[in-house]
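Here the structure comes first, spelled out in structure tokens, and everything after it is commentary.
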Amino acid sequence: MSELVEATVEATAATTAIGTFDGVDLERLAKQIPTPFYAYSASAIRERIRGLQDALQGLDALICFAVKANSNRAILQLMRDAGVGADTVSGGELWRCLQAGMPPERIVFSGVGKTGDEIAEALRAGILHLNVESFGELQLLQQVAQAQGAIAHVAVRINPDVDAHTHEKISTGKAENKFGVSIDEARRWFAQAASFPNVRLNGLHVHIGSQILSVEPFRQALQRVATFWRELAADGHVLSSIDTGGGLGVCYRAGHDHPVAPADYVGVIRETLADFHGQILLEPGRYLVAEAGVLVTSVIRVKRGDERQFLVLDSAMNDLVRPSLYDAWHDIVPLAHGDRTPTTYDIVGPVCETGDTFARGRELPECRAGDLLMIKSAGAYGASMSSTYNSRPLAAEVLLDRGRYAIIRRRQNREGMVADELAADHWQTA
């Protein structure tokens, strides 16, 4: 993490008023760090972790943060210090976690497209287990583990064919989705486990999607997994862990989204896996960081068209792609507006795409060029999905903690943006 800088505000635990986040005045911060930038509340992240850990009391459970939600190393270090592990889906994410000091015995590796090199890297690191999602992957894992003289611990990812009632692009537990295998196929794997001497099939894994706002999909999925686990136990297969995945939803739209309480979610785990005596893993990502992050942005100008008024911001779809990709709602509020007339805007960015739109027909207090806005619940899948489209440098990221802040990623400059590009003046033949 970069050097900690004291902010000139009094410390508070979290958001206390519009414009103040985890005790830091965002308007003052924006005078020191050019917009757009992401700001994350360490206090809010810790509070989410504690709430889930408290609900899990009495269970042999490990929370593994889904790194894809926010892969900044400072965030990973915060997770590490709170006793949280990591759910990774690429060799790069695994490397980030190890660089952040995450103990390998708290790391799992998921994903349908693991390469031989990534599997070898995971085995060398000594991670807790791999979540295996296809027979071809299982065969490759045996080959790699045998070449290393290693034993690979594996949880079989089950596709329970359960509708998570979420956006189709983040649904992962239906038969039509690419993730996991059917229970019938998993049954065949366990029956021929002796054919894979360097693999220990000693776990089950299920993850049905993201931004789930009801306990029922979780209950259905875990009931099916529990039935299969009992069948395996009756056949003599001993499981050391069941990975329940993630998917807990958050509030993106105040008054509309009603997230599941941690106690209710864990209650479903306790109910469905009541007589399981191994370790239970959870893989929350969005739930731990989304509401703990905001994107601070400035108004470039107000453009008045014949039919619409456009509020043009200095942030764009390259900074936060969720509205463009998923038609996702984010609450957007001005940091300070005084007593201004309510006005309806289409809130857009400067990228040359009609899809570069954060909101349509959104009512805000009248805005003017230079005003600061806060796009809320942007701590998950914001910076981690950002790009340099239109040659726009990546935004800065800042961690806030009870009145102080630290820059945890500098705003990318133009030279950094093209640092790996080369002129075509060294021609070769393949």
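So here's what we get for this one:
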{"quantity": "So ALA69, is it touching a Lys or Arg at 6+ places or on another chain (Cβ under 6 Å), in the same structural domain as PHE109 (by TED's automatic domain parsing) and either under 22 Å from SER298 (Cβ atoms) or at pLDDT 95 or above (or both)", "calculated": "yes"}
{"quantity": "Sole residue being of a type in the set (A, V, I, L, M, F, W, C), in a loop (DSSP other than H, G, I, E, B) and buried (at least 22 other Cβ atoms within 10 Å of the Cβ), chosen from ILE63, ILE119, ILE127, ILE75", "calculated": "ILE127"}
{"quantity": "Boolean, PRO160 is crowded, with 16+ Cβ neighbours inside 10 Å and at pLDDT below 95", "calculated": "yes"}
{"quantity": "Strands (runs of 3 or more DSSP E) lying entirely in the stretch 238-304 (those with 2 or more residues that are assigned by TED's automatic domain parsing to the domain that holds ASN159 and either touching a Phe, Trp or Tyr at 6+ places or on another chain (Cβ under 8 Å) or not hydrophobic (A, V, I, L, M, F, W, C) (or both))", "calculated": "241-243"}
{"quantity": "Some residue of the stretch 341-362 being surrounded by fewer than 21 Cβ atoms within 10 Å (Cβ to Cβ) and among the acidic types (Asp, Glu)", "calculated": "yes"}
{"quantity": "Leading residue by the ranking (modelled with the highest pLDDT) among those in the stretch 163-185 that are crowded, with 23+ Cβ neighbours inside 10 Å and touching a helix residue (DSSP H, G or I) at 6+ places or on another chain (Cβ under 7 Å)", "calculated": "ALA164"}
{"quantity": "Candidates THR8, THR35 - the one that is part of a loop (DSSP other than H, G, I, E, B), β-branched (Val, Ile, Thr) and either modelled with pLDDT of 95 or more or surrounded by 14 or more Cβ atoms within 10 Å (Cβ to Cβ) (or both)", "calculated": "THR35"}
{"quantity": "Residue match in the stretch 106-115 (condition: part of a helix (DSSP H, G or I) and either closer than 20 Å to ALA66 by Cβ or within 23 Å of the chain's Cα centre (by Cα) (or both))", "calculated": "yes"}
{"quantity": "Yes/no for ARG301 being more than 30 Å from ALA30 (Cα to Cα) and either surrounded by 13 or more Cβ atoms within 10 Å (Cβ to Cβ) or in contact with a strand residue (DSSP E or B) (Cβ under 7 Å, 6 or more places away or on another chain) (or both)", "calculated": "no"}
{"quantity": "Some residue of the stretch 78-95 being under 26 Å from LEU295 (Cα atoms), in contact with a Cys (Cβ under 9 Å, 6 or more places away or on another chain) and assigned to a loop (DSSP other than H, G, I, E, B)", "calculated": "yes"}
{"quantity": "Residues within the stretch 208-244 that are crowded, with 21+ Cβ neighbours inside 10 Å and within 22 Å of the chain's Cα centre (by Cα), tallied", "calculated": "12"}
{"quantity": "Selected residue (criterion: farthest from GLN142 (Cα to Cα)) from residues of the stretch 185-228 that are among the charged types (D, E, K, R) and outside any strand (DSSP E or B)", "calculated": "GLU216"}
{"quantity": "Among (1) under 30 Å from VAL398 (Cα atoms); (2) assigned by TED's automatic domain parsing to the domain that holds ASP184; (3) crowded, with 24+ Cβ neighbours inside 10 Å; (4) not acidic (Asp, Glu), the one test that HIS205 misses", "calculated": "(1)"}
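The values are calculated or read from the model by the stated rules, or taken from the named source; none is laboratory data. All figures in this text were calculated on a predicted structure; none of them were measured in a lab. A quick note on method: Cβ atoms are made from the backbone with ideal geometry, for glycine too, and the neighbour counts reach across all protein chains shown.
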